[in-house]
Amino acid sequence: MKRIVSRKYSEGARNALEQEGIDPVLARVYAARGILSSGELERSLERLVPFGKLKNAQRMAEILADAVKGGKRLLIVADYDSDGATACAVGMRALAAMGARVDYIVPNRFEYGYGLTPEIVHLASAKKPDFIVTVDNGIASVEGVSEAKSLGIDVLVTDHHLPGERLPDALCIVNPNQPGCEFPSKHLAGVGVMFYVMMALRAELRNRGHFEGKEPNLAALLDLVALGTVADVVKLDANNRVLVSQGLKRIREGKAGEGIRALFSVARRDAARASSYDLGFMLGPRLNAAGRLEDMSIGIECLLSREEGRAFEFAERLDGLNRERKSIESQMQQEANSALESVDFDGKYSISLFDPEWHQGIIGILASRIKDRHHRPSVAFARGNEGEIKGSGRSIPGFHLRDALDLVSKRYPGLILKFGGHAQAAGLTLREESFSAFREAFEEAASSLLTESDLEKIVETDGALEASHMTLDLAKRMEQEVWGQGFPEPQFEGVFSVLNQRVVGEKHLKLKLGFGARTFDAMLFFHADPVPEKIRAVYCLSVNEYNGSSTLQLLIRHWEENQGS
């Protein structure tokens with residue numbers, strides 16, 4: 001069951017924003033997202049938190065500057081998702097531009113698993129690096145860092161994941177979530193952390209007189225930073241909104257790298273109208289498909305390509321992998337739904353599923369789909385190596401998934417072999433025979449941390465709109481904003497008469513809706529059955545581009561029959 005509620009906001013903040021010249025509807029929207037003044041909406045790079053506030057960024061810059069000057073070999077060890085791929089590309093391009101000897105490796109998730117493991121260290125050692133630089137991983141790699149040190153390799157950790165009880169004994173760690181770091185933006189993605197380290201390094205090399213000619217323009221990497229930040233679904237706080245906004249601006253102006261442009265091309269999206277939706281739902285999945293099904297080096301090479309044809313070849317491979325991913329995911333979803341058909345969800349607070357035939361690279365998406373459908377913390381498992389199963393979990397608001405796994409681990413020592421992650425997403429490893437025990441322990445933890453009201457899905461809106469406010473101009477303004485995790489895209493509610501409806505593309509409804517004296521075109525995607533003559537709908541304002549003209553279109557996100565008169 002879903003319940004529609006309007007977001008609360010401060011009337012004082014709304015009034016203040018209106019007085020500063022903000023559109024009345026947008027003033028209400030921004031106030032509901034905690035914005036108090038128009039200054040908080042500025043997106044210039046000057047609004048970024050200085051890198052000096054990020055613990056150890058200066059120290060790591062000094063170490064890297066010494067390495068650059070001394071001709072030392074640097075090896076980036078990347079993660080196999082979009083955040084890790086973009087962070088690796090930022091590091092490769094920035095370090096090379098600053099004169100470093102740099103290479104990278106990215107672990108195959110099926111052979112080596114996540115993070116800087118001892119096995120990855122031995123793989124890395126074949127390249128004879130003086131330093132290993134982790135991106136989007138490493139904060140939990142206690143054994144891997146120890147192994148590297150035993151081989152005479154220093155490790156520099158850049159990460160954003162939550163640390164465990166023990167930090168690795170690395171030469172230097174930059175992570176906004178490590179103890180003692182007062183950096184105010186705790187939601188930097190891994191690519192954001194690497195970008196900050198590169199800013200610190202450039203400043204250090206500048207101070208040393210390293211740049212005889214023109215120094216590298218790191219703003220040219222902001223398209224990568226934007227993609228990794230949005231695709232990793234981190235909270236879009238003020239600092240991240242600046243990074244994403246600046247990256248989107250470069251993409252719209254035609255200043256993106258060849259890899260990003262190629263990804264827009266294969267996704268059939270207009271880069272001149274690039275939005276956070278494009279990054280999160282069109283480019284991100286294509287990039288992630290490489291790590292899910294094959295090897296993320298395909299994605300990294302796409303991002304590093306400086307030649308249009310080569311970038312397009314990699315992008316086409318990514319597009320093909322994404323189509324394959326969709327097919328596998330669809331089959332797994334059918335199997336999961338079938339397994340849950342007979343489950344009585346009354347009094348059930350979590351979902352844990354395991355199928356020995358499921359694809360290890362797709363279980364994170366599957367867990368997300370199950371969570372969305374049943375609004376419960378969900379973990380999907382597939383077979384790993386040597387009697388182990390790998391799990392990927394997704395959570396609902398109010399349930400910190402990593403902390404819940406930590407609670408299970410403490411209550412039942414040895415049950416979980418390893419785990420890590422965030423509040424809303426986490427991964428873990430079990431022995432296959434321990435699945436049933438984990439399912440019971442996880443349900444026990446969920447039932448102790450959640451209430452029945454937490455399991456009711458809330459559809460939040462920004463209230464109702466007057467017909468006069470439902471304009472193409474407002475839709476265009478909203479399209480230019482950066483929306484995403486923690487700063488949700490505005491959606492409104494209203495009661496409409498359904499004047500006309502027809503199925504398009506075999507699975508979508510195109511609607512003509514009446515509202516007061518006006519009519520509106522609307523789309524209800526992935527729903528082909530007729531809707532009642534009067535509906536209460538939750539919708540977004542969108543711009544429909546067709547044959548060179550722009551018109552207003554409502555996108556229906558949720559609907560129910562209107563029971564009123």
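Just so you know, all these numbers are worked out from the coordinates, no wet-lab data involved. No experiment lies behind these values; they were computed from the predicted model shown. Heads up, the Cβs are rebuilt from the backbone with ideal geometry, glycines too, and the neighbour counts pull from every protein chain shown.
Numbers below:
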item: Average silhouette area of the stretch 463-561, convex hull of alpha-carbon atoms, in square nanometres; result: 6.9
item: Table column - 3J(HN,Hα) (Hz), the stretch 399-405, Karplus curve with 6.51, -1.76, 1.60, x for Gly and Pro; result: 10, 7, 5, 4, 5, 5, 5
item: DSSP-defined antiparallel bridges as percent of all bridges, the chain, nearest 5; result: 65
item: Convex hull projection area averaged over all views, the stretch 178-276, Cα basis, nm²; result: 7.6
item: The stretch 36-50 - phi-based ³J(HN,Hα) in whole Hz, Karplus 6.51/-1.76/1.60, Gly and Pro as x; result: 9, 8, 5, x, 6, 9, 5, 10, 6, 5, 5, 7, 5, 4, x
item: The chain - mean residue ellipticity at 222 nm from DSSP helices (-39,500 (n - 2.57) per run, n ≥ 4, rounded to 500); result: -12000 deg cm²/dmol
item: Relative contact order (percent, whole number), the stretch 192-252, Cα cutoff 8 Å, 6+ residue spacing; result: 36
item: Distance histogram for the chain (every C-alpha pair counted, 10 angstrom bins, percent rounded to whole numbers); result: 3, 16, 26, 27, 18, 7, 2, 0
item: By average C-beta atoms within 10 angstrom, highest first, the peptides 260-270, 293-303; result: 293-303, 260-270
item: Nearest-ten-degree value, helix 284-293 long axis tilted from longest Cα axis of the chain; result: 60
item: Most to least packed among 304-315, 131-142 [average Cβ atoms within 10 Å]; result: 131-142, 304-315
item: Rg followed by Dmax, in Å, when the stretch 343-455 is reduced to its Cα trace; result: 12.7, 41
item: Angle in degrees between helix 190-207 and the longest Cα principal axis of the chain, rounded to the nearest 10; result: 50
item: Average Cα contact separation per residue, the chain, under 8 Å, 6 or more apart, as relative contact order %; result: 11
item: Among 536-545, 12-21, the order from most to least packed when residues are scored by Cβ within 10 Å on average; result: 536-545, 12-21
item: Proximal lysines relative to LYS534, as straight alpha-carbon distance under 18 Å, when same-chain residues fewer than 8 apart are discounted; result: LYS510, LYS512
item: Rounded to 5, percent antiparallel among DSSP beta bridges of the stretch 339-482; result: 80
item: The chain: angle of helix 308-340 to the longest principal axis, Cα-based, in degrees nearest 10; result: 60
item: Cα pair distances of the stretch 259-344 binned at 5 Å [whole percent]; result: 3, 15, 22, 20, 15, 8, 7, 5, 3, 2, 0, 0
